[in-house]
Amino acid sequence: MTTRHDHAGGVEGEPRRPPTGPLSLAAGVLPEFEPPEVVSAAAAAGFGMVGIWFDAESWSPVRAREVRRRLDGTGLAALDMEPVFVSPDGDCGFELIDAAAEVGARNALTVSAGLEPARFAERFAELCDHAAPAGITVVVEPTVLYSVTTLAEAQQVVALAGWPNGAILADNLHLDRAGGAPIAALGQLDPALLPYAQLCDAPAKPTEVSRSGLFDDARNGRRLLGEGDLPVREYLDALPAGIPLSLEIRSRQLRRRYPDATERAACVHANATHYLAGSVAE
């Protein structure tokens, strides 16, 4: 009989071993640096994968070529490109997916910004259709900051869209802030719906529960693994073993402590490596 511990790499009665798939540096860790610089910093810090931030106003063929050149030169893989904010006023989804194909990113991250589930699912299906020829998976990220807030709602969108390259991105901070029993829900999802996951630590509760407070919590208040109060190991245990882990540690504190991109990336990498090996005290 299998158990969730079996799925995560251990067996019943033995200590859990969290999934330790490839580590990726999320673009949000270095928000003040341009994508080519983020690639170089991730490589120098020891990452095998990296996230690419897409800004429709500044992205260009020149930027795409430079990002691809640095990826190829360092051997890094682009795990994802973000974000597509799907809103009633339109989005940059096709442009982002085309850029993702140019640099070889495996996933395109979307968020519903004000659309009803059925309308978002319709647009999500269009994005999946556009991404399929390039082999790109389109993920929807549930977050209390926008319109799709829970795993169940994200699962509904993917099911309504009906494309095999549609999936879900689980961010443990967003799942925690949505409340309920997110880890149990995560463990019940089809593993095929979770191509990768985002990971951080944080205080048990945000400083403020207003909308602006929740945005600050997500963009500035995250912590290194083992330095907060989130059930990080339980979250890891609920994930499919071996999937890439994107370290989404957006932290004002880290930005101040490590203004240098490579030093900040190296700190995040070293912390995650030690934590996943079980050597960070909780």
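Please work out which residue is most open to solvent (accessible area, probe 1.4 Å), limiting yourself to region 237-282 and to residues that are charged (D, E, K, R) and assigned to a loop (DSSP other than H, G, I, E, B).
Checking each candidate, the answer is GLU282.
Report yes if some residue within region 149-164 is closer than 17 Å to ALA118 by Cβ and in contact with a Ser or Thr (Cβ under 7 Å, 6 or more places away or on another chain); otherwise report no.
yes
List every residue pair whose Cβ atoms lie under 9 Å apart, where the two residues are 6 or more positions apart in sequence or sit on different chains, the first residue falls within region 117-136 and is closer than 21 Å to ALA78 by Cβ and of a type in the set (A, V, I, L, M), and the second residue, located anywhere, is open to solvent by 60 Å² or more (accessible area, probe 1.4 Å) and in a helix (DSSP H, G or I).
From residues that are closer than 21 Å to ALA78 by Cβ and of a type in the set (A, V, I, L, M), the pairs are LEU127/PHE94; ALA134/ASP98; ILE136/HIS130.
What residue, among those in region 206-224 that are among the charged types (D, E, K, R) and touching a Lys or Arg at 6+ places or on another chain (Cβ under 9 Å), is nearest to ARG264 (Cα to Cα)?
In this case the residue turns out to be ARG222.
Take the conditions over 25 Å from PRO203 (Cα atoms) and touching an Asp or Glu at 6+ places or on another chain (Cβ under 6 Å) and apply them to ASN165. Does it pass?
No.
Does any residue of region 253-274 turn out to be within 22 Å of VAL140 (Cβ to Cβ) and under 18 Å from the mean Cα position of the chain (by Cα)?
no
Restricting to region 178-230, give me the number of residues that are free of Cβ contacts under 8 Å to residues at least 40 places away in the same chain, open to solvent by 30 Å² or more (accessible area, probe 1.4 Å), assigned to a helix (DSSP H, G or I) and more than 28 Å from ASN165 (Cβ to Cβ).
Result for region 178-230: 3.
Read through the list (1) modelled with pLDDT of 95 or more; (2) under 20 Å from LEU276 (Cα atoms); (3) not basic (Lys, Arg), then give the number of the only condition that LEU189 fails.
(2)
The values are calculated or read from the model by the stated rules, or taken from the named source; none is laboratory data. This is a predicted model, so every value here is computed, not measured. Cβ sites come from the backbone with ideal geometry, for glycine too, and all protein chains shown count toward neighbours. Heavy atoms of the whole protein, side chains included, go into the accessibility calculation; ligands, DNA and RNA do not. Shrake-Rupley method; radii C 1.70, N 1.55, O 1.52, S 1.80 Å.
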